[in-house]
Amino acid sequence: MMRSGFQRLMRLVFAFCCATVCAFTAAADTSYPQRPIRMVIPFPAGGSIDLVGRAIATNWSTTLGQQIVIDNRGGAGGLLGAQIGARAVADGYTLVFGGASSMINTSFTYKTPGFDAVKDFEPISLVSQQETILSVTPNLPIKSVRDLIALSKAKPNSLNMASAGIGSSSHLAGILFNSMAGIESTHVAYKGGGPMGIAVIAGEAQWCFGLAAAFAGHYKAGRMRAVAVTTRKRAPLMPDVPTVDESGVPGYEYTTWNAFFAPAGVPKAYIARLHTTIQKALLEKDVVDAYLAQGTVPVGSATPAEFARYFRADFERVGKLIKLAGIKPE
């Protein structure tokens with residue numbers, strides 16, 4: 001019942017978005033595309049971002065009338081795939097399906113990323129946001145954000161905060177939490193979300209921020225405790241879990257997202273065509289169901305300009321967190 005209600009809500013939201021973009025449809029070049037489009041995913045096949053990208057690609061190709069060819073280019077936290085997209089010919093036939101980690105974080109964690117994330121790409125549209133959860137080990141009596149804060153203040157640096165790697169979204173979400181909650185934790189970086197979760201389950205680390213979809217089985221089995229979600233509103237898929245904001249850290253918000261980008265210089269009419277068809281694909285039941293099954297919320301953008309503003313704001317936010325974390329580019 002909850003899922004069907006959420007689907008109806010999402011359809012109303014996207015109906016509004018589609019109405020908003022109607023004015024842009026006339027400016028779109030409906031003769032484009034005339035051949036298959038290459039969709040670069042800067043991560044290996046089978047990962048969460050790859051699955052989110054593939055979920056929309058099949059339906060979207062039908063709307064566009066051309067095949068979407070998936071090109072997985074994993075490596076260096078998404079850097080390699082983003083580089084390929086930035087250097088591609090700006091003819092509308094190479095797109096990048098990226099997120100904050102590949103399109104923003106790498107700009108601050110590498111001395112020479114090989115591209116300017118703001119200048120070298122045309123933002124097209126948001127596609128999804130993933131539900132991130134503040135998770136704790138069941139080995140300690142921490143059942144709320146306030147419990148975690150109280151224990152951390154009583155024993156500064158006694159609790160280990162796990163992350164999926166230095167500069168990862170889980171790391172930055174934790175840095176923001178520590179700063180806003182006024183606590184000190186010992187950061188322990190692991191090589192990916194899987195090892196990070198195992199460390200919290202084993203009690204090697206006491207807490208972390210991780211994707212709901214990745215940890216859902218652990219929550220159900222009692223191997224890990226879901227304390228709060230990082231969005232400003234409760235997650236549709238976990239309505240009983242409070243937000244960090246309402247749990248004692250007012251104003252806290254950290255979201256991870258996926259979106260489409262094109263190389264800078266792609267004709268605006270092509271961008272308009274891509275944007276409009278993405279919004280239509282996000283309304284389809286098979287896409288919505290696939291996203292919900294992965295703990296992902298489909299989220300479009302009213303216009304490419306709206307997403308561009310969102311992207312630039314997030315770029316500045318991440319830059320400040322990187323500086324706060326004391327992360328030096330390598």
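Built from the Cα atoms of the stretch 157-270, the convex hull projects on average onto 9.4 nm², one quarter of its surface area.
Considering only alpha-carbon pairs that sit under 8 angstrom and 6 or more positions apart, the relative contact order computed for the chain is 28 percent. About its Cα centre, the chain has a charge dipole of approximately 260 debye under the convention of +1 per Lys or Arg Cβ and -1 per Asp or Glu Cβ, with nothing else charged. Using only Cα coordinates, the Kirkwood hydrodynamic radius of the stretch 130-182 works out to 11.9 Å. Scanning residues 5 or more positions from ALA205 or on other chains, those with amide H under 5 Å from its amide H are VAL200, with H placed 1.01 Å from N in the peptide plane. Under 5 Å from the amide H of THR243 lie the amide H atoms of VAL229, each residue being 5 or more positions distant or on a separate chain, with H modelled from the backbone and absent for Pro and chain starts. Over 10 Å intervals from 0, what percent of Cα-Cα pairs in the stretch 208-285 sits in each interval? Percent of Cα pairs in each bin: 15, 32, 24, 22, 7, 0.
Solvent-accessible area of LYS280, all protein chains in place: 100 Å² (probe radius 1.4 Å, heavy atoms, ligands and nucleic acids excluded). For the stretch 21-136, the spread of Cα coordinates along the three principal axes comes to 47, 34, 28 Å, biggest extent given first.
In the complete set of protein chains, residue-level accessible area for MET180 is approximately 80 Å², probe 1.4 angstrom. Taking 25 Å as the straight-line reach from the Cα of LYS111, the lysines in range (excluding those fewer than 8 positions away in the same chain) are LYS119, LYS191, LYS320, LYS323, LYS328.
Rolled with a 1.4 Å probe across the full set of protein chains, the surface gives LYS155 an accessible area near 120 Å².
On a per residue basis, the convex hull of the C-alpha atoms belonging to the chain measures out at 119 Å³.
A straight line joining the Cα centroids of the stretch 110-132 and the stretch 285-303 runs 19 Å. Heavy atoms of the protein chains alone define the surface here; on that basis the chain has 42 Å² accessible area per residue at 1.4 Å probe size.
Considering only LEU79, LEU151, LEU292, the Gaussian network model of the chain with Cα springs below 10 Å gives its largest mean-square fluctuation to LEU151. The shape of the stretch 102-141 can be summarised by an equivalent ellipsoid whose semi-axes, obtained from the alpha carbon gyration tensor, come to 33, 17, 5 Å from longest to shortest. Accessible surface of the chain, 1.4 Å probe: 57 percent of it comes from carbon and sulfur atoms. If a/c stays under 1.5 just call it rounded; otherwise compare a/b with b/c (prolate if a/b is bigger, oblate if not). Do that for the stretch 147-219, with a ≥ b ≥ c from the square roots of the Cα gyration tensor eigenvalues. Here the stretch 147-219 falls in the prolate category.
Percent of C-alpha pairs per 5 Å bin in the stretch 232-330, short distances first: 2, 9, 14, 17, 18, 17, 12, 7, 2, 0.
Couplings for the stretch 306-321, taken from phi via the Karplus curve 6.51 cos²θ - 1.76 cosθ + 1.60 with θ = phi - 60°, read 4, 5, 4, 5, 4, 5, 5, 5, 5, 4, 5, 4, 5, x, 5, 5 Hz in order; Gly and Pro are left as x.
The rule of thumb for compact globular proteins, 2.2 N^0.38 Å, goes into the C-alpha radius of gyration of the stretch 73-163 1.57 times.
The values are calculated or read from the model by the stated rules, or taken from the named source; none is laboratory data. Computed from a prediction, not measured in an experiment: that's the story for all the values here. Methodologically, a virtual Cβ is constructed for each residue, glycine included, from the backbone with ideal geometry; neighbour enumeration extends over all protein chains shown. SASA here: full protein model, heavy atoms, side chains in, ligands and nucleic acids out. Shrake-Rupley method; radii C 1.70, N 1.55, O 1.52, S 1.80 Å.
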